[in-house]
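To start, the structure itself, in structure tokens.
The values are calculated or read from the model by the stated rules, or taken from the named source; none is laboratory data. This structure is a prediction, so every number in the text was calculated from the model and none was measured. Backbone-built Cβ (ideal geometry, glycine too); neighbour counts: all protein chains shown.
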Amino acid sequence: MVFEKTLEDLIKGLRQHRGDEESFIASAVSECRKEVQSKEMVVKAEAIAKLTYLEMFGIDISWASFHVIEVMSSSKLSLKRKGYLAAIQSFKSNTDVLMLATNLIKKDMMSANTTEIAIAINGLSHLANISLSRDLYQDVLMLLSHSVPYIRKRAIIVLYKICIQYPEALKTCFPKLRSKLDDPDPSVVNAAVSVICELARKQPKSYLETAPEMFHLLTNSSNNWMLIKLIKLFCSLTPYEPRLIKKLTPPLTELIQTSTAVSLLYECIHTVVSGGMLTGHSHADELAHLCVDKLKGFFEDTDQNLKYLGLLTFKKIAESHRDLVVQHMSLFLKCLIDPDVSLRFRALDLVSDIVDKDSIKSIVKTLMLQLIVNSDYTTENFRQVSAMSIIQMTSKSNYANITDFEWLLSVYIDLARVPNIAVEKELNHQILDLCVRVKALRPFAAELFSRVITEPVFVDKQTESIEPKSNILRAVVWCLGEYAEFLPDAIAVVEALIRPVFYTYPPEVQSVLLWALPKVYIQKFRELVNSWDSEKLTVLSMWAEEIQLFAKHLMSVHHIEVKTRAAEIYYIFTQLLDVFKPSDANATLELLNQPPYILQNTLPVLFTHAPLNPVAFKAQGKVQTPEGLDLNVQINAELVVPEELKKKDVWAYVSALDGTNDVSSRSFELSKLDSFQSSVSGHDRKSPFYLGNDRSSAENLIITDEPSKNENGISVNNDEEMVSQMSTIKTGYSYPITGPVEIAQDELPEGVVLSDTDAEHTSVPLNAKEVPLISFDETLREPNTDDSLIKKVTKVKKSKKKGHRVVLDGETKVKKSSKKKKSSKKKSTL
Amino acid sequence: MAINFLLLISRQGKVRLAKWFHALSAKERVKIVRDVASIVLVRKPKMCNFFEYKAGKIVYRRYASLYFVCGIDSTDNELITLEVIHRFVECLDRYFGNVCELDLIFNFEKAYYVLEEILLAGQCHETSKLAVQNLMLGGDAEAEIETQQHEVL
């Protein structure tokens, strides 16, 4: 007698082998493999039970599916149950033995024992796929009239599953299902209601006819579970039947007012809100008031869930009854600082929707406090989201909510100071937006920004932040330059801007800086111009020198924009300094009397001539097209495409690039080509840079990897040889060889023709040659009528893809890349 | 309301019970278990019992060392799902008598049978604890009889 492990032993053993599970499991599985094949059903069932347990650990037991079916067919209920459980847990929709189960389930469903039927139904509810559903729905339908309500109830529910898998069954099943609504047993009715509710969610219109019966149940039932399902059902139906709303309002109102079960209350309110019952009818406002009152009660409860649901529902109500919701702003603000992150997210969501002029300050204040005070890393995402939402709320509908722009600007700057959030880009945009569009803000902005650039948090590079805080300086510095006229102390700003710390700044900031400097400088000049004397002159020339030095430093930055601007500033200020330090005594005297022309006129005109104003969104549309301009006329007249060119793939390639296939664009390409052509034919063919079909010169440019081989076949790979080769290549550059390069003929095998011999040029027509795709040479444009050559062309093209230059003559191909000019070995490779 | 799946996860992330009411591939199941477990196990006790996951919602509650996790659709009522979970736990408690995690480990089959009495195809169809208890005891009695018959043989 074999001692078999029971399920309990297995579980105990597994728990003991905590670190060593894999080997234990493997041995258990192999034991089970033997046991399932035993003739005794008990042993088999026990093995299957063990496998079911192991399946929870992720072991695949699909190999045992046939045995599972065997156990399922056992007459003993406890064993049958084990089999069914194993089947439920392990069978997938593609398990092949599922078909065998069909008859089994059918037989079990027809059994006299209700437990057996129940087991079968349960199994079916999990295993149902299309074929099973199709085969078994009739039997399930019959069970709907079974004498035991326990079975009837289950049959109804499994019918739902079947109809999902096999929708055609629904037509036959539905009438019977509907009749079950009048069943004497309440649980059966409940089941029927659930099923119809679920079906109605998918296709509400077809179930509208059940509404009267459902309504009757709604008003007469006191079973909360069923009521919830009924209310849910009506929620799906109301969009399709507006009259329902009127009818539903009284019972729902009553339920809301009297119900003690919170889940029922929530379901009612949810239906009222989502079912569109808050608008469009006479009692809507009353209903809304009622809902809001009850929801307020949710917030007084200590249960977090209720607060969460309250916030969700308020958001929905806010779409139609905003004022009611706004009254409870204080509740939402409290939720914004709740320790529970999901609550905060919901509150933020809600508050962003209902924000208005009065509440924005308090909301932003709460959020900012949180951001500044609490730099908790675990809620980093919330910080990012709340920062972004601050920006969004404040800029919503063109700053409709803002009355105090100065406050807003300071909020943005504060936001920029907050660590660990990445909102610089948006802030930049917002600041610029504000300053440009709100003229009255400019003086305040100028003053604020002149303080900001001296702050260490912005100017000293932060190494740990997501983006360096300095990015906001782009907007700040630009505004300083643009609105320099409002600066209280221009020189301080200039001083701040030319600090050495900016040498290592991001180039975007540097480039803005460089343009801002002259503007601020000019502003300083303007301040001093009225009382011009030598002292002022000295001051200005000193600062000019500083600026010039700064610009010089920045000229070495590896960024094209910064380099360009730095160079321009440098040269302008050099000019200025030249003017300030004239060699001539007369000029010096003049300088003391009045400021130099360059400073008074040129520079201001260059930098501060016209103010930059905001452009309206639709301004472009208002620009009139000038007389005589027709935007729809072709720029170039149509050209004729020569036939032979049309055949080449090249045009398909070109028009594919274009994205169009019509002839007009092609002709456009052609005309482009023609003009290029004409320029090319006039081109100096002898120029080293002309890579025409002049293959010899092209060949000279190829430098191969293989070591050079001299005529003796000994590979020479020393530097001298390389150098000499390089020099020949170089000389190849300086005077391109128009004729073929001489190669020792005696090394050629029979039939092989080298690509750079004369023979090729004359015997093989153009298309077989290895040429650039577009040929510019007139003489080579011969019509290609030979079919075989077309094939060779495609072959050429294909081999071209591999990167080798291949030429065809007859059947042999020669790899060009392996060849050298004079001393190369000729190989023939395929 | 339709429950899509029900999981019982221990504090170490081990799955003690898994009931899937929809056909999902093994990969998807594993992924869902992993994702959900990672979110649920880090949540603090004061936080609310639901969160959004993919297209639906997850409702969970912690009982001693086990997390009972349910996945529902986004239109379903979370509070009622919590009730269902609680009803399930109460039935288990009644059947096993002060149920603990070990009971569920060693008698996982019985736990599945209790679940089957309450939920079918994701629908809660039996809310009476008494009825469930009677059904389970009836099933146990039949199993006893059968074992005795087998031993006699």
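Summary table below
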quantity: Top-ranked residue of region A:27-46 - restricted to ones that are among the hydrophobic types (A, V, I, L, M, F, W, C) and over 20 Å from A:His17 (Cα atoms), ranked as nearest to the other protein chains (Cβ to nearest Cβ); calculated: A:Val42
quantity: Candidates A:Ile151, A:Ile157, filtered to the one that is within 14 Å of chain B (Cβ to nearest Cβ), under 42 Å from the mean Cα position of the chain (by Cα) and outside any loop (DSSP other than H, G, I, E, B); calculated: A:Ile157
quantity: Search result, residues across region B:28-78 that are farther than 20 Å from A:Phe345 by Cβ and in contact with an Asp or Glu (Cβ under 8 Å, 6 or more places away or on another chain); calculated: B:Ala64, B:Ser65, B:Leu66, B:Asn77
quantity: Elements of type helices (runs of 4 or more DSSP H) in region A:300-406, at least 2 residues being under 31 Å from the mean Cα position of the chain (by Cα), away from every other protein chain (no Cβ under 14 Å) and free of Cβ contacts under 8 Å to residues at least 40 places away in the same chain; calculated: A:304-318, A:341-354, A:357-373, A:380-399
quantity: Listing of helices (runs of 4 or more DSSP H) fully contained in region A:525-643 that carry 1 or more residues being at pLDDT 80 or above and crowded, with 16+ Cβ neighbours inside 10 Å; calculated: A:534-554, A:560-580, A:603-608
quantity: Region A:111-156, residues that are buried (at least 24 other Cβ atoms within 10 Å of the Cβ) and within 15 Å of A:Asp183 (Cα to Cα); calculated: A:Lys153, A:Arg154, A:Ala155, A:Ile156
quantity: Residue satisfying all of: in region B:4-14; more than 11 Å from the chain's Cα centre (by Cα) and not small (Gly, Ala, Ser); nearest to the other protein chains (Cβ to nearest Cβ) among these; calculated: B:Lys14
quantity: Residue within region A:51-61 that is buried (at least 24 other Cβ atoms within 10 Å of the Cβ), touching a helix residue (DSSP H, G or I) at 6+ places or on another chain (Cβ under 9 Å), of a type outside the set (A, V, I, L, M) and under 26 Å from A:Glu116 (Cβ atoms) present; calculated: yes
quantity: Residue, modelled with the lowest pLDDT, within region A:39-58, restricted to residues that are closer than 15 Å to A:Ile69 by Cα and basic (Lys, Arg); calculated: A:Lys39
quantity: Pair list, Cβ under 8 Å, 6 or more apart: region A:248-276 residue within 12 Å of chain B (Cβ to nearest Cβ), other residue of a type in the set (Gly, Ala, Ser) and surrounded by 17 or more Cβ atoms within 10 Å (Cβ to Cβ); calculated: A:Leu265/A:Ser259; A:Cys268/A:Ser259
quantity: Failed item in (1) part of a helix (DSSP H, G or I); (2) under 29 Å from A:Ile121 (Cβ atoms), with A:Asp60 passing the rest; calculated: (1)
quantity: Tally of residues being in contact with a helix residue (DSSP H, G or I) (Cβ under 7 Å, 6 or more places away or on another chain) and either exposed (fewer than 13 other Cβ atoms within 10 Å of the Cβ) or of a type in the set (Asp, Glu) (or both) across region A:1-50; calculated: 6
quantity: Test: residue in region A:80-92 that is touching a His at 6+ places or on another chain (Cβ under 8 Å), in a helix (DSSP H, G or I), over 16 Å from A:His126 (Cβ atoms) and within 14 Å of another protein chain (Cβ to nearest Cβ); calculated: no
quantity: Qualifying residue in region A:117-138 (condition: under 25 Å from A:Lys34 (Cβ atoms) and assigned to a helix (DSSP H, G or I)); calculated: no
